[in-house]
Amino acid sequence: MKPEHAFEYLQHAHAAGRLAQAYIVVGNPKTVGGDFATRLMQLVFCATPGAACGACVPCRQIAQRTHADSLWIEPQKKSRQIVIEQVRDLQHRVQQTAFAGGWKACVIGGADRLNAAASNAFLKTLEEPAGNSLFMLLTDTPQSLLPTILSRCQLFVLDDEAATATEWDRALLAILIEGRTLDALGSPMFASMALAERILGLLEAMREEAEKAVSAQADAEAVDQDDETLDARASSLYREWRTGVMRTLLLWFRDRLILASSGDTAHLRFPEHAAILQAQATGLTRVEALRQVRLVEDMHQNLERNLPERLVIGSGFPRLVAV
Ligand SMILES: [Zn+2]
């Protein structure tokens with residue numbers, strides 16, 4: 001669903017006094033999902049009710065995450081989990097009288113990172129709603145939330161505008177499709193190592209292409225730039241492409257999780273590859289599919305932390321095979 005359409009729907013619901021207590025927003029929590037949560041909160045807190053103008057004091061406070069009647073929690077840096085203390089903060093915020101006399105709103109960014117204790121505590125909050133409270137759970141993988149939480153929230157699956165496929169994303173998909181099931185070659189470990197090598201090869205090609213693109217652009221601009229500047233630009237372009245490719249990899253494994261959980265193809269990111277995804281998800285349990293999604297996410301994070309690619313990819317892919 002396009003974010004504008006989802007937002008219009010919620011504007012009508014708000015005007016009619018029929019906002020749900022809790023929404024799950026499926027989309028990258030750092031981009032499209034986070035933006036959507038911000039706008040939804042602006043809708044309820046805007047000085048001109050329902051306008052979400054973005055310019056008034058409450059709207060700006062929401063954007064800066066300083067609004068006194070709202071709270072935004074995210075996975076802790078080290079453990080990358082949302083822990084029960086954070087959910088207690090949220091409960092406390094919801095129970096307080098609203099400063100502005102109206103809504104209290106909480107966003108859980110990366111809600112799939114709620115650990116077991118935190119999930120159960122949050123479920124209690126949903127079961128005993130306080131008046132005028134609004135919860136938004138942002139996630140890429142709604143299937144990893146407790147089913148009892150899922151069933152109490154309204155779900156919006158947002159199109160990711162930023163995720164329009166680049167040629168690199170298509171190259172990655174070709175590798176994943178050709179790789180078929182990880183264990184198609186008889187030895188799952190061998191197949192996963194072969195897959196890792198192909199992805200490392202793709203990254204290598206991307207790096208070279210980024211260098212070429214940057215020097216071609218410097219030639220076109222006809223300005224002399226020192227090697228250091230060119231290297232920095234090539235490296236930043238390469239990282240941008242790599243982030244996109246790793247996200248595509250994550251979405252591919254998320255689709256496998258969707259199929260392993262529900263078999264429902266309505267929310268697939270790659271519906272055009274449903275048959276291949278279905279074949280890969282055959283016999284895959286939800287728990288195992290979720291473990292694989294987390295592993296891909298870990299690989300992505302480790303690359304962003306500048307760990308060596310060969311180490312991250314070369315050791316990550318074999319771990320995708322069932323332990
Ligand atoms: Zn406003």
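The values are calculated or read from the model by the stated rules, or taken from the named source; none is laboratory data. All figures in this text were calculated on a predicted structure; none of them were measured in a lab. Neighbour counts are summed over all protein chains in view; Cβ atoms, including those assigned to glycine, are modelled from backbone coordinates with ideal geometry.
Numerical summary
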| item | result |
| --- | --- |
| Cβ-Cβ under 9 Å pairs, at least 6 apart or on other chains, the stretch 252-263 side under 17 Å from residue 176 (Cα atoms), far side among the β-branched types (Val, Ile, Thr) and assigned to a helix (DSSP H, G or I) | 252/296; 253/293; 253/296; 254/293; 254/296; 256/293; 257/293 |
| Single residue of the stretch 300-323 satisfying the filter (within 18 Å of residue 250 (Cβ to Cβ) and small (Gly, Ala, Ser)) that is surrounded by the most Cβ atoms within 10 Å (Cβ to Cβ) | 316 |
| Residue count, the stretch 245-271 (criterion: assigned to a loop (DSSP other than H, G, I, E, B) and at negative phi) | 8 |
| Considering residues of the stretch 30-51 that are near the ligand (Cβ under 8 Å from one of its atoms) and either surrounded by fewer than 17 Cβ atoms within 10 Å (Cβ to Cβ) or in contact (Cβ under 8 Å) with a residue 60 or more places away in the chain (or both) only, the residue nearest to residue 113 (Cα to Cα) | 45 |
| Where residue 270 falls short, out of the listed (1) farther than 18 Å from residue 195 by Cα; (2) surrounded by 16 or more Cβ atoms within 10 Å (Cβ to Cβ); (3) modelled with pLDDT of 90 or more | (3) |
| Residue in the stretch 273-282 that is surrounded by fewer than 20 Cβ atoms within 10 Å (Cβ to Cβ), hydroxyl-bearing (Ser, Thr, Tyr) and not in a helix (DSSP H, G or I) present | yes |
| The stretch 118-151, residues that are outside any helix (DSSP H, G or I) and surrounded by fewer than 17 Cβ atoms within 10 Å (Cβ to Cβ) | 128, 129, 130, 131, 132, 146, 151 |
| Scope the stretch 53-82; condition hydrophobic (A, V, I, L, M, F, W, C) and either more than 27 Å from residue 297 (Cα to Cα) or assigned to a loop (DSSP other than H, G, I, E, B) (or both); matching residues | 53, 55, 56, 57, 59, 62, 68 |
| Near pairs, Cβ below 7 angstrom, 6+ apart or cross-chain, from the stretch 53-74 (assigned by TED's automatic domain parsing to the domain that holds residue 8) to any residue that is of a type in the set (Lys, Arg) and more than 8 Å from the ligand (Cβ to nearest atom) | 69/104; 71/93; 72/65 |
| Residues being within 16 Å of the ligand (Cβ to nearest atom) and among the polar types (S, T, N, Q) - total across the stretch 52-110 | 4 |
| Test: residue 26 is more than 16 Å from the ligand (Cβ to nearest atom), farther than 18 Å from residue 129 by Cα and among the aliphatic types (A, V, I, L, M) | yes |
